[in-house]
Amino acid sequence: MARRGENIYHRKDGRWEGRYIKGRKPDGKPCFGSVYGPSYTEVKKRLMPLKAACCKMSLEARNTKPFGEYLLTHLAQKRASRIKASSYDSYYRIVHNHILLGLGKYPMHQLTQQHVERFLADLRAAGLSDGTILNIHRFLAGVTKQAAQSGAMAKDICVGISLAKPKRKKVSALSRAQQKIVEGAAMAALQKTGHSDGLDMMIALYTGMRVGEICALRWDDIDLDRGVIHVGHTLQRLNLYDQGTKKNTRTALVTGAPKSDASLRDIPINAMLLRLLRSVRQRARGDHVIEGRRGPVEPRVLQYRFEKLLERARLPHVGYHALRHSFATRCAEQGVDAATIGELLGHSSSKTAEEVYIHSLMEQRFKAVYMLDSLALAA
């Protein structure tokens, strides 16, 4: 009788026999080999290296397909799991623009950690930013981890490779004088058109909302009686992918969930902005707060309008995100703590707000310490 799970038998002739799978027939059925010995312990000892060698051969035979093939299967599984459209668009570009080109040709069993390290070095040499390289590495590490867990790879080749978190770029925020000019130009545009032109900038300056969140904002999301904006969506232009060719054939405006769970938030509206919203609401011509001729306005249009406003006002060029930073900076200047700023901005951690707006917060700390001069007892 065989010992359970070991395929070792005590034969009638007194010897012990151990069987192992040494290969597969064309129909997939196992082909067995045998070893013999005078005792169970001796046969088990002889079987161990044979089984290990056969497992390695089986794994390599199973993984001769290119890594790119496994990668595309993984991407298809991501899509089937109904992830956010923006996430799939990001993964698609990471796979097709980078990983397939750098690692896709290698057979699964030949890929090593050295291949990955060389691939990441090539990305850096090509001029990609640290943030982009980090995102590519994170996605690749997820793929290789799954491959190792499922047995498609002998081991996770990304284990042991770590990239430093890129340093945060210095934020650009409008000074008080610059903000006054931008507000004046935005209000002039709003009065001239009688619709929502310029309103987006006022919302960004006084709520800190992201441009995609502003574009997705509907009147139903605003409680004009309580003076609260509920942020629950974002609007983006994304690539659409044909199921047959797997290629991006066109783009479309897509309304989806915001950046993170922390981005789902309620923002109080100050008195000035509330009056402005009530006035625009009376003559609104659609469901969205920022409306174009054919529906909601997409982010790149608002970014373009802001750039033109800065040119006409002869102000330094900054991105649309500077309006959001300006809101946070004004809050910090008024002594608002980092945790509250982070909640208003929809950050997942208050630490993010403190790291990004550390200079403004530090100014408040200096003021607080200088105030102690009036209490000094020693001359």
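The values are calculated or read from the model by the stated rules, or taken from the named source; none is laboratory data. Bear in mind the structure is a predicted one, so any value in this text is a computation, not a measurement. Glycine gets a Cβ as well: all are built from the backbone with ideal geometry, and neighbour counts include every protein chain shown.
Here are some conditions: (1) free of Cβ contacts under 8 Å to residues at least 40 places away in the same chain; (2) in contact with a Pro (Cβ under 6 Å, 6 or more places away or on another chain). Gln282 meets all but one. Which one does it not meet?
Answer for Gln282: the failing condition is (2).
When you look at Val143, is it part of a loop (DSSP other than H, G, I, E, B) and either among the aliphatic types (A, V, I, L, M) or within 23 Å of Ser326 (Cα to Cα) (or both), yes or no? So that I can check it myself, show each step before the final result.
Numbers: part of a loop (DSSP other than H, G, I, E, B): no; either among the aliphatic types (A, V, I, L, M) or within 23 Å of Ser326 (Cα to Cα) (or both): yes.
Criteria not met by Val143.
Looking only at the stretch 181-202, count how many residues are among the charged types (D, E, K, R) and either outside any helix (DSSP H, G or I) or loosely packed, with under 11 Cβ neighbours inside 10 Å (or both).
Of the residues in the stretch 181-202, 2 are among the charged types (D, E, K, R) and either outside any helix (DSSP H, G or I) or loosely packed, with under 11 Cβ neighbours inside 10 Å (or both).
Looking at Thr234, Thr251, Thr329, Thr255, which is the one that is farther than 30 Å from Ser87 by Cβ, under 29 Å from the mean Cα position of the chain (by Cα) and among the polar types (S, T, N, Q)?
Thr329
Considering each of Lys51, Lys45, Lys65, Lys105 in turn, give the residue that is in contact with a helix residue (DSSP H, G or I) (Cβ under 8 Å, 6 or more places away or on another chain), of a type in the set (D, E, K, R) and over 30 Å from Leu238 (Cα atoms). Steps first, please.
Details: Lys51 fails: in contact with a helix residue (DSSP H, G or I) (Cβ under 8 Å, 6 or more places away or on another chain); Lys45 fails: in contact with a helix residue (DSSP H, G or I) (Cβ under 8 Å, 6 or more places away or on another chain); Lys105 fails: over 30 Å from Leu238 (Cα atoms).
Going through Lys51, Lys45, Lys65, Lys105 in turn, the sole match is Lys65.
Which of the residues that make up the stretch 211-228 are under 14 Å from Ser196 (Cβ atoms), in contact with a strand residue (DSSP E or B) (Cβ under 6 Å, 6 or more places away or on another chain) and not in a strand (DSSP E or B)?
Hits for the stretch 211-228 are Cys215, Ala216.
Are there any pairs with C-beta distances below 7 angstrom linking a residue in the stretch 207-224 that is free of Cβ contacts under 8 Å to residues at least 60 places away in the same chain to a residue that is part of a helix (DSSP H, G or I) and charged (D, E, K, R), with the two at least 6 apart or on different chains, and if so which?
Cβ pairs passing all conditions: Leu224/Arg278; Leu224/Arg281.
Filter the stretch 71-100 down to the residues that are farther than 18 Å from Leu238 by Cβ and among the polar types (S, T, N, Q) and list them by number.
Of everything in the stretch 71-100, those that are farther than 18 Å from Leu238 by Cβ and among the polar types (S, T, N, Q) turn out to be Thr73, Gln77.
Would you please list the contacts, defined by Cβ atoms under 6 Å and residues six or more apart or on different chains, that run from a residue in the stretch 137-157 that is among the small types (Gly, Ala, Ser) to a residue that is not in a helix (DSSP H, G or I)?
Taking only residues 6 or more apart or on different chains, the pairs are Ala141/Cys158; Ala147/Met153; Ala148/Lys155; Ala148/Asp156.
Examine the stretch 150-171 for a residue that is under 30 Å from Met201 (Cα atoms), in contact with a helix residue (DSSP H, G or I) (Cβ under 9 Å, 6 or more places away or on another chain) and surrounded by 15 or more Cβ atoms within 10 Å (Cβ to Cβ), and state whether such a residue exists.
Within the stretch 150-171, one or more residues are under 30 Å from Met201 (Cα atoms), in contact with a helix residue (DSSP H, G or I) (Cβ under 9 Å, 6 or more places away or on another chain) and surrounded by 15 or more Cβ atoms within 10 Å (Cβ to Cβ).
Determine whether the stretch 34-48 contains at least one residue that is outside any helix (DSSP H, G or I) and either under 29 Å from Gly151 (Cα atoms) or at pLDDT below 70 (or both).
Our first condition is that a residue be outside any helix (DSSP H, G or I); within the stretch 34-48, this holds for 34-39.
Restricting the remaining residues to those that are either under 29 Å from Gly151 (Cα atoms) or at pLDDT below 70 (or both) gives 34-35.
Yes, that holds for at least one residue.
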